Amino acid sequence: MKGMGSKMKKENSKRYFQFMLIILAAGSIYPLIYLKAQYQETILQVYNMSIQQLNWIYTILGFVFILGYFPSGMLCDKFSAKNLLTLSLLGTAIGGFWFAQVPSYNSVIIIFAIWGIFSVFTFWGAHLKVVKMLSTANEDGRFFGILDSGRGLVEAVLASIALAIFTGKLGAGVDVASQKAAIVPVIYMYSIVLLVIAVLIYIFVKEDTNLNIEETTDQEESKFKFSDLGKIFKNKYVLYQGLIIFAGYTLYWTNYYFSGYLQTSVGIAPATVGTIMVAVLWMRPIGGLLGGIAADKIGKSITIAVALVGGSLCLLVLALAPKTLPITFFSALIVITGLVLYIIRGTYWSLLGESKIDNVLMGTAIGVISFIGYLPDILIPYLNTFLWDNLSDAAANKTYFLVSMGIGLVGAFVAILYRKARKSEKV
């Protein structure tokens, strides 16, 4: 009996270590791609491009992402998820080393297309599949919550290191040469981190057939067949989860507009806005952890439904609150809204464990769900271009928040339908 307990503890330690490596991978692969969040003006000057050109690059990236979600799931059902993760990190790192050479604009477009392929097509489905297969049914909520909160923590730590490198190299210089000397080491740092994690994953993460701790199938049954696609499209929970993520991700997108809202609609100074948004960033590890714990305690779908309603109500208050209210009110409300948004992000993938998806089809199902759920990456920029072209900043912010609120409430309704469907099948 003692030997069995010791063996179980050892297996759990291996499992948690592999999970930690997936968190490191997820937290380190995207900051390099989204360096513009912290260093936009530096990138524009060093790479000699306009803001319109940079926006065009990210538009291309968004299309590559959307096109990659569905096949990313099928890919990790056909090939080793471990090898796909290793390839993804290596490919993104190589793109980083190329980017650090400060190449031409056309080369930068190619680099971002490469990043889009390696960060979604080969990575997205694989990393979610590994997390699902490492967790038990009772741990799904916690694992996916920790995945998002851990990813946020890794991003925050790497961003702090990057900032220290950047400011140390920049010194008092403001010319293009000084900024180039500061940003290039940052790019190298992120790229080297990706290389190290790629090696660790290749060495320590098990192959798919050895990951699943809850069930085993013979080799023939574990092979993905295209004829099995019908099972996914007939599974109502796949559609439900895709719509729930669509709603949750739509609410999350408002996070990118909070700083503009606080400056243009509320009139808060840029420095104060920066402090508020840093506080929001640190809500990610807290929100993901809280969401995961709540999902395992009171139920995944009910946690998501409550969080979607909460996030929607926060947006309603942001849209309608008199701008004469004190700055502390808006500061607190933005931080609370950020916390709720990260609770949603930390829990909506935990529904995979309740969606009656065979492990052999898990990756493909993740691809279908992701394609539906992340359509806001394309739709919201188009919506907001229309709003800001035709309305004042204040009116555009208000309308955008209200539209997002409506979609969030629809998502809460779908989460309730999901819960009822699951309960009816258990009866």
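A few notes on this one:
- The chain: calculated mean residue ellipticity at 222 nm from DSSP helix runs of at least 4, using -39500 (n - 2.57): -26000 deg cm²/dmol
- The charge dipole of the chain, taken about its Cα centre with unit charges on the Cβ atoms of Lys, Arg (+1), Asp and Glu (-1) only, comes to about 880 debye.
- Loop-located chymotrypsin sites (Phe, Trp or Tyr not before Pro) in region 18-115, at most 15 other Cβ atoms within 10 Å (DSSP): Tyr34
- Looking at the chain, the accessible area is 44 square angstrom per residue; that uses a 1.4 Å probe and ignores ligands, DNA and RNA.
- Full-stretch length increase - Thr167, Tyr202 - with 0.36 nm per residue and alpha-carbon distance subtracted: 9.2 nm
- For the chain, averaging the sequence separation of C-alpha pairs within contact (under 8 Å, six or more residues apart) and dividing by the residue count gives a relative contact order of 26 percent.
- The calculated FRET efficiency for Ile378 paired with Ala113, based on their beta-carbon distance and R0 = 22 Å, is about 0.85.
- Under 14 Å, Cβ to Cβ, from Tyr16 - net charge with Lys/Arg +1 and Asp/Glu -1: +4
- From the coordinates of this entry, volume of the Cα convex hull per residue in Å³ is computed, and it appears in [x] 241; [y] 156; [z] 230 under the label [y].
- Largest-first principal axis extents, alpha carbons of region 33-126, Å: 43, 23, 23
- Label-to-label distance, nm, for residues given as Thr385 and Ile336 (7 Å Cα→Cβ offset): 3.6
- Among the helices of the chain, those built from whole DSSP H runs whose Cα atoms reach 20 Å or more along their own axis and whose mean Kyte-Doolittle hydropathy is at least 0.5 are 51-78, 81-99, 140-170, 176-204, 236-253, 283-298, 300-320, 327-345.
- For Met277, the accessible surface of its heavy atoms amounts to roughly 40 Å² (probe 1.4 Å, protein chains only, rounded to the nearest 10).
- Applying a DSSP loop filter and a limit of 14 other Cβ atoms within 10 Å to the trypsin sites (Lys or Arg not before Pro) in region 86-180 leaves nothing.
- Segment Leu417-Ser178, extension gain: residue separation times 0.36 nm, minus the distance between their alpha carbons: 80.4 nm
- Charge sum, other residues only, whose C-beta stays under 9 Å from Trp349's C-beta, Lys/Arg counted +1 and Asp/Glu -1: 0
- Three-way shape label, region 264-414, alpha-carbon gyration tensor, a/c 1.5: prolate
- With a threshold of 27 Å on the Cα-Cα distance, the over-threshold entries among Lys236/Lys300; Lys9/Lys78; Lys398/Lys420 are Lys9/Lys78; Lys398/Lys420.
- Neighbourhood charge, 15 Å Cβ-Cβ cut-off, centred on Leu44 and excluding it, Lys, Arg +1 and Asp, Glu -1: 0
- Alpha-carbon centroids, region 34-104 and region 115-179: separation in whole Å: 13
The values are calculated or read from the model by the stated rules, or taken from the named source; none is laboratory data. Quick caveat, the model's predicted, so the values are computed rather than measured. Here the Cβ is made from the backbone with ideal geometry for all residues, glycine too, and neighbour counts use every protein chain on show. In case anyone asks, the SASA skips ligands and DNA or RNA and just uses the protein heavy atoms, side chains included. Shrake-Rupley method; radii C 1.70, N 1.55, O 1.52, S 1.80 Å.
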